[in-house]
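The values are calculated or read from the model by the stated rules, or taken from the named source; none is laboratory data. Model, not experiment: these values are computed from the prediction. No Cβ is skipped: glycine too gets one built from the backbone with ideal geometry, and neighbour counts run over all protein chains shown. Only protein heavy atoms, including side chains, enter the accessible area calculation; ligands, DNA and RNA are left aside. Shrake-Rupley method; radii C 1.70, N 1.55, O 1.52, S 1.80 Å.
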Amino acid sequence: MRRSIFVGCMTIVVLVSLATIGLVVPLDVTIALTVGWAFFLGRVLPEVTIAWDGVVTAVVCIVVFVVGAHAFLRWIAQQRIAERSEHARPWPFRWTAAMTGVILVMFLAGIAATGVVHQVGWLLTSGEPIAGFVSLAAQRAQSSNNLKQIGIGLSNYHDSHGTFPPGATFDDRGRPLHGWQAMLLPYVEHQAIYDQITFELPWDDPANREPFQTEVLMFLNPGNINSGNLNRSDAAGYALSHYSGNARLLGGDMPRSLTDLTDGASTTILAGEVATEFLAWGHPIQWRDPALGINRSPRGFGSPFPPGGANFVFADGSVRFVKETVDPQILKALSTPTGNEAISNGMY
């Protein structure tokens, strides 16, 4: 009894001593790794949409596999029984179901193991401090996913219209009406907001106030929100966007197509993160020039995440990190769709 009390007291003393000298990182990391997934799911699940066509395809494939496998294994069992002249029962369906279950579990376990190895490797090789790393990594991953969704939406728009959306639309008097992010809404699971917009009226007309004051989480970078240096909306109450289009591709009123990208889709920026001077997502002039540099100009691209640089989605749908120290000429080449510059991924 005395020994247990002594061990308990010593444990408390050690923990207090570690906290006193600031060595509480292992405890923080343990908590983040054990219950951090619950906070992640709470933040991500509301934004998850189910691709029912994919679900139906998967179910059909599994059913076809089970039926085919059962028929084949039953035939094999019957052949073996006939060869041995035995009176054994045929191959039972529950064996096929069990085999299929084991295969699915192994497949899912492989995906999970790959994810764990990837994240642990990222954790060990990151130059960021361990404390707060999990939260920062989740924010960075969410921002990259936002750009990925924007890229998918732009690709879907291109499939439907034959071009990317114009940077903005204008009325007969040259007044800007709506920007590309508003036109993107139906292609990123926000048809309901899109249907509330009166596109014949300017985006800031009182009739359009309600839809444009609605937050679109895909347009909000969690790193900017949590940094405490801005709100989610501007002074007029319009919801902000933390991403902007490449002015040379999603700028002006002329829509461009993939065939216009003579430099190649994989080396042409579509959109990227911004860290200052945010505009409402409904603002028509939602584009910037990458040639201004990264984290160098208030009206340029940038990111709240260290190390210095920003994430961009390219015309091929890939999301890549570009360092702020990249050669300005390379950055300009990445922004021009028809500059005829020779660029490889290793150059930036």
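Values computed for the structure shown
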| quantity | calculated |
| --- | --- |
| Residues being open to solvent by less than 40 Å² (accessible area, probe 1.4 Å) and touching an Asp or Glu at 6+ places or on another chain (Cβ under 7 Å) - total across region 264-292 | 2 |
| Positions within region 160-172 being touching a residue at least 60 places away in the same chain (Cβ under 8 Å), within 19 Å of Ile285 (Cβ to Cβ) and not in a strand (DSSP E or B), in sequence order | Phe164, Pro165, Pro166, Gly167 |
| Residues within region 303-336 that are open to solvent by 30 Å² or more (accessible area, probe 1.4 Å), assigned to a loop (DSSP other than H, G, I, E, B) and either in contact with a strand residue (DSSP E or B) (Cβ under 6 Å, 6 or more places away or on another chain) or under 20 Å from Ser241 (Cβ atoms) (or both), tallied | 2 |
| Filter pass, Ala236 being touching a residue at least 24 places away in the same chain (Cβ under 8 Å), under 24 Å from Asp204 (Cα atoms) and not in a strand (DSSP E or B) | yes |
| Residue check, Phe133 at pLDDT 90 or above and among the aromatic types (Phe, Trp, Tyr) | no |
| Residue ID - farthest from the chain's Cα centre (by Cα), chosen from residues in region 170-198 that are of a type in the set (Asp, Glu) and open to solvent by 60 Å² or more (accessible area, probe 1.4 Å) | Asp172 |
| Tyr187 vs. criteria touching a Pro at 6+ places or on another chain (Cβ under 7 Å), at pLDDT below 95 and not basic (Lys, Arg) | no |
| Flag if Leu279 is touching a residue at least 12 places away in the same chain (Cβ under 8 Å) and within 22 Å of Ala235 (Cα to Cα) | yes |
| Candidate set: region 42-60, residues that are in a helix (DSSP H, G or I) and modelled with pLDDT under 70; chosen: the one least open to solvent (accessible area, probe 1.4 Å) | Val44 |
| Residue satisfying all of: in region 274-302; part of a loop (DSSP other than H, G, I, E, B), farther than 30 Å from Pro202 by Cβ and not basic (Lys, Arg); farthest from the chain's Cα centre (by Cα) among these | Gly293 |
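The rows are residues; the columns are (1) open to solvent by less than 20 Å² (accessible area, probe 1.4 Å); (2) part of a loop (DSSP other than H, G, I, E, B); (3) at pLDDT 90 or above.
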site: Ile225; (1), (2), (3): no, no, no
site: Ser244; (1), (2), (3): yes, no, yes
site: Pro255; (1), (2), (3): no, yes, yes
site: Thr262; (1), (2), (3): no, yes, no
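To keep it simple, each residue is scored yes or no on (1) without any contact (Cβ under 8 Å) to a residue 24 or more places away in the chain; (2) farther than 22 Å from Ala51 by Cβ.
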| residue | (1), (2) |
| --- | --- |
| Gly174 | yes, yes |
| Trp180 | no, yes |
| Val188 | no, no |
| Ala192 | yes, no |
| Thr198 | yes, yes |
| Pro202 | no, yes |
| Asp205 | yes, yes |
| Thr214 | no, yes |
| Pro222 | no, yes |
